[in-house]
Amino acid sequence: MSHYSPMTHMPFLTRDKCGRRVLFLCRAGSPPPDRGRIWKLHFQRDGENPRRLETGLGDEVVECSPAAWVDETGWHVTFIAGGATENPVFRLHRMDGPTLHQLGRPTMAHAPTRAGFAYNKRLVHAEPEDFIHVIEPAGDRVIELRGSLIYRVTYKAEDPDILLISGLVKTQAEVFTIEHDLRTGEQELIECDGRPAYKCTILGDEVLYAERFGEGFEDRRIVAAKSTRRIALEHGVAMRN
């Protein structure tokens, strides 16, 4: 795909080995006449334009929800992909390599799921409604968000024990992002610029989120929050071991 719309989505902020800021994101291509927009993975270093993160997947495959970390072996990127006509199931994929231009072909980390990530030995995947599964050597956990549609689960690059869970409250048709601390179970609702944040990412004091600007629910672009607010949650959300 060579032509992209102004739509951007699913930001994930992290740093490279030298401490430089790197933004992973999705950009929407112009939609085929018979289906919705097809999102593809990109990355952007400070001072540069977004560049395609090559996955080797077909043009009609939707790629979304990137997350990444870097260590002594190189980069590790996970993302959700699916939606092709012949194989529409969405799965969690992972790519590893010495640089972002030398990543191996995607391997499947979990299927099926539309939300989740892998980080080191931790695997997180969500059901379409209510439940998020956290699988790791120390034991498995389930996070329950009653009455919610789960659209994205990611983490803070500087503190991977902090999950960022985005979705929709079914009874109110209102989006949300919850910051969930895996160490304590504490949860806070995040607001950006006076409204509920959606699919946000946090690095230091910087918060980016997907702002809706069109009539379609996913007509969105990534913007930097001018102000943020956190509201502690006490009721309606439960975690069980």
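The values are calculated or read from the model by the stated rules, or taken from the named source; none is laboratory data. Note that the coordinates shown come from a computational prediction; the quantities given were computed from them, not determined experimentally. Note that we place each Cβ from the backbone using ideal geometry, even for glycine, and neighbour counts take in every protein chain shown.
Figures for the structure shown
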{"item": "Single residue of F117, F131, F176 found to be assigned to a strand (DSSP E or B), surrounded by fewer than 19 Cβ atoms within 10 Å (Cβ to Cβ) and of a type outside the set (V, I, T)", "result": "F131"}
{"item": "Matching residues in region 155-172 - criterion: being free of Cβ contacts under 8 Å to residues at least 60 places away in the same chain, surrounded by 21 or more Cβ atoms within 10 Å (Cβ to Cβ) and of a type in the set (S, T, Y)", "result": "S166"}
{"item": "Of all residues making up region 193-212, the number that are small (G, A, S) and buried (at least 22 other Cβ atoms within 10 Å of the Cβ)", "result": "2"}
{"item": "Residue list for region 60-87, restricted to those being of a type in the set (D, E), out of contact with any strand residue (DSSP E or B) (no Cβ under 8 Å at 6 or more places or on another chain) and touching a residue at least 12 places away in the same chain (Cβ under 8 Å)", "result": "E60"}
{"item": "Filter result (over 21 Å from R114 (Cα atoms) and either in a loop (DSSP other than H, G, I, E, B) or in contact with a Lys or Arg (Cβ under 9 Å, 6 or more places away or on another chain) (or both)) within region 183-201", "result": "R183, T184, G185, E186, E188, L189, I190, E191, C192, D193, G194"}
{"item": "Some residue of region 49-57 being modelled with pLDDT of 95 or more and under 13 Å from the mean Cα position of the chain (by Cα)", "result": "no"}
{"item": "Qualifying position, being buried (at least 18 other Cβ atoms within 10 Å of the Cβ), charged (D, E, K, R), under 18 Å from A118 (Cβ atoms) and in contact with a strand residue (DSSP E or B) (Cβ under 7 Å, 6 or more places away or on another chain), among R152, R220", "result": "R152"}
{"item": "Given (1) assigned to a loop (DSSP other than H, G, I, E, B); (2) surrounded by 20 or more Cβ atoms within 10 Å (Cβ to Cβ), number of the condition V124 does not satisfy", "result": "(1)"}
{"item": "Residue that is within 18 Å of the chain's Cα centre (by Cα) and not hydrophobic (A, V, I, L, M, F, W, C), where the choices are T78, T73", "result": "T78"}
{"item": "Residue satisfying condition, being under 25 Å from V223 (Cα atoms), at pLDDT below 95 and either surrounded by 14 or more Cβ atoms within 10 Å (Cβ to Cβ) or of a type in the set (V, I, T) (or both), within set M1, M7", "result": "M7"}
{"item": "In region 39-60, the residues that are out of contact with any Asp or Glu (no Cβ under 9 Å at 6 or more places or on another chain) and within 14 Å of R27 (Cβ to Cβ)", "result": "H42, F43, Q44, N49, P50, R51, R52, E54, D59"}
{"item": "Failed condition for I190, given (1) of a type in the set (A, V, I, L, M, F, W, C); (2) surrounded by 22 or more Cβ atoms within 10 Å (Cβ to Cβ); (3) touching a Leu at 6+ places or on another chain (Cβ under 7 Å); (4) closer than 26 Å to R141 by Cα", "result": "(3)"}
